[in-house]
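Okay, so here's the structure we're looking at.
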Amino acid sequence: MNVDSTARHRRRRPRAVAAATLAAAALTLGGALVAVPAHAAGSPIDGAVFRWGVSAEANSAAFAPGTVNLLSAGIVTAASSADRVTSTNWKQSDGNVEILKLQADGTYADATFAGLRTDADGTTITTGNGLDSGHIVEIDGGTGTVDVDANTAVIQWTGSFTSAFYSGMSRSWITDPKLTVASDGTGTVTATLGGYGTSMDDPDKFESLTPVPDVVIATLTGVDVTPTGFSVTPDYLGRTVTVPAGSVAQVTGGAFSGAFPQSFVDFQIATGQGSYWYSSGGAADSRKPATPLSIAYTAAVPSGPSVTVSKTSGLAQGETVTVSGSGFLPSGTATNGTRPPLAGKFSGAYVVFGKFADTWKPSAGAPSSSRSVITQKWAVPAESMSTIGGTNSGAIELKPDGTFSVDLALTTTEAQNLAAGTFGIATYGGSGAVHAPFETFTPVTFAAASDVIVDVPAWVDNPTGSFGWAFAGTSPANLGTAVQDGANFVASGSLTDIVVTDTRAGGTAPYTWSISGQVGDFASSTGETFSGDLLGWKPKLVSAGSSVAAGAEVSSTRLGGTGLGSSRVLASSTAAASATIGADLALVIPGTTPAGDYASKLTITALQ
């Protein structure tokens, strides 16, 4: 990339320079490291919805004449502190993000630019009447894991929204919020923050702030994770923060004294908004507390107890089967024993091979004679195994997640074969507990003496084919010569198409792949450098099947994005599939960058 600095150094004679290229370093497939996915407890979810108005102050009239504090979808950029958020650059929606407005009937509807200046009833908001416009941010498409039983959740959203004060004289934005809830009901919302540095004491101050990841924007207490979501008001009242010398001091002790999280306030001090996020003793303090945050999703409700048996028919005498159970969780006193040795304690479940009458369940009042026990184990928590005599007495561990597994050797006598009933493996409450959900029955049958038994597995074709990729041309990319654009230099180009050839078939494992890329720092021949994070891309599919998806768009950190300084997905496939993939490249660097020829190394990684 070439930066012509003539406009900044007027005595320097303009000169022609060669365009730099991106060099590609391709990892050999054999050397690529494939991460092994972790398995988390709970239910995976997608389509989760995040709704938050942040604070009433973020939606109120501002003290500068004719200005308001407002929310906008996306990142609303500016070239100076004199720039305003207008009907032209304000956004009601951007990707997964929408701005909604409270209506008079209590519902929400798509926001309008004009509605930023009125409350739900249409009354104009002013600093005198203390009304706010009632806007909230809604981000959908959240993905993650929710465990209702453990009261935990981790959900990630993708998208940005801007919080502008004084109609944009000061502004910051929140990108990709992530919710984490612990089992004790505490939680955090973290995000990447970006914005501009401004100062009420210096109207000419205006600088782009380096985005800061993993900032805690809200702390939560008393969260009750349900199958459909929850609503909670983030912590504010009574919270204190430390502010730098010379900043507006926090005032405590009042009815509305408090603060947003320290790391959030630290960033906002740099934007010039610091005191809008903690109590400072002014009339606006009553509007500064965080407003309710709501999270909506649909989580799978944990299923009831269930049992699987590795083989149920054609059994030979003495053959061993594996019995696995899940969902055997405590349910209050209903699963407590009523007689020793576990009276008054969670008593787990008996796991029994025997012969059973048609009516055998304790919950149906069936007598013990309806259950002819041949082999019995007892699934109990680890701490209770010694109480019932340990493994020598048939104890097996019932794990905290409600699962167990035990091998049983199944043998019958001639007398048992002739007796009435059905052979099978049953589970039911131990130590006298009667709990219908724990009562399961899996019938089993034995092979006759004249049967010829053979197990035939499912046919599996041997794996065939191969996977590979290559650039369609000799040069990965050329960004040409940068041009001035406001306070920046910009350059654009296209990544040379990457051709993925995937002919793998057969076998039992799924065939997937992922192509990612990242760039190092750009360097000139004279030793000047700038970060690879200033380069962004927009992946595209030139030709591909339905299993192939393009990666997410990544913008320059100069525009509030995350850049390509770290590995970003270009495309991925959930099945064996050939494809041609590419990307549009966009570089945005400060106008103060020294002139020169700059090059960076592009590393492409293929995982399969």
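Below are the figures for this structure:
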read-out	value
Residue ID - modelled with the lowest pLDDT, chosen from residues in region 105-132 that are within 31 Å of the chain's Cα centre (by Cα), part of a loop (DSSP other than H, G, I, E, B) and of a type in the set (G, A, S)	G106
Among residues of region 172-204, those that are under 19 Å from W277 (Cβ atoms) and over 26 Å from the mean Cα position of the chain (by Cα), counted	6
Region 279-297 residues that are over 25 Å from P177 (Cβ atoms) and in the same structural domain as G254 (by the TED database), paired with ones that are aromatic (F, W, Y) and open to solvent by 20 Å² or more (accessible area, probe 1.4 Å) (beta carbon under 9 Å, 6 or more apart)	D285/F256; S286/F256
Number of positions in region 184-208 that are of a type outside the set (S, T, N, Q) and either touching a His at 6+ places or on another chain (Cβ under 6 Å) or open to solvent by 30 Å² or more (accessible area, probe 1.4 Å) (or both)	9
G332 vs. criteria exposed (fewer than 14 other Cβ atoms within 10 Å of the Cβ) and at positive phi	yes
Filter result for the condition that a residue is open to solvent by less than 20 Å² (accessible area, probe 1.4 Å) and at pLDDT 95 or above, over L22, L70	L70
Enumerated strands (runs of 3 or more DSSP E) restricted to region 499-608, each holding at least 2 residues that are more than 29 Å from W173 (Cβ to Cβ) and within 25 Å of the chain's Cα centre (by Cα)	513-519, 596-607
Among the residues listed as A448, A458, A433, A426, the single one being surrounded by 18 or more Cβ atoms within 10 Å (Cβ to Cβ) and assigned to a loop (DSSP other than H, G, I, E, B)	A433
Among residues of region 121-156, those that are hydroxyl-bearing (S, T, Y), surrounded by 18 or more Cβ atoms within 10 Å (Cβ to Cβ) and over 22 Å from A73 (Cβ atoms), counted	1
Failed condition for V307, given (1) closer than 30 Å to Q376 by Cα; (2) at pLDDT 95 or above; (3) loosely packed, with under 14 Cβ neighbours inside 10 Å	(3)
Any hit, region 83-90, residues being more than 21 Å from L293 (Cα to Cα), in the same structural domain as L209 (by the TED database), touching a residue at least 24 places away in the same chain (Cβ under 8 Å) and among the basic types (K, R)	yes
Matching residues in region 201-242 - criterion: being β-branched (V, I, T), modelled with pLDDT of 95 or more and assigned to a loop (DSSP other than H, G, I, E, B)	T221, V223, T233, T240, V241, T242
Filtered residue count, region 366-388, keeping only those that are of a type in the set (V, I, T) and in contact (Cβ under 8 Å) with a residue 40 or more places away in the chain	4
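Quick grid of which residues meet (1) polar (S, T, N, Q); (2) assigned by the TED database to the domain that holds D176; (3) buried (at least 21 other Cβ atoms within 10 Å of the Cβ); (4) at pLDDT 95 or above:
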site: L534; (1), (2), (3), (4): no, no, yes, yes
site: K538; (1), (2), (3), (4): no, no, no, yes
site: G545; (1), (2), (3), (4): no, no, no, no
site: T562; (1), (2), (3), (4): yes, no, no, no
site: T580; (1), (2), (3), (4): yes, no, no, yes
site: D597; (1), (2), (3), (4): no, no, no, no
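The values are calculated or read from the model by the stated rules, or taken from the named source; none is laboratory data. Because the structure is predicted, anything quoted here is derived from the model rather than measured. Cβ coordinates were reconstructed from backbone atoms using ideal geometry, including for glycine residues, and neighbour counts include every protein chain displayed. Remember, those area values only see protein heavy atoms, side chains included, never the ligands or the DNA or RNA. Shrake-Rupley method; radii C 1.70, N 1.55, O 1.52, S 1.80 Å.
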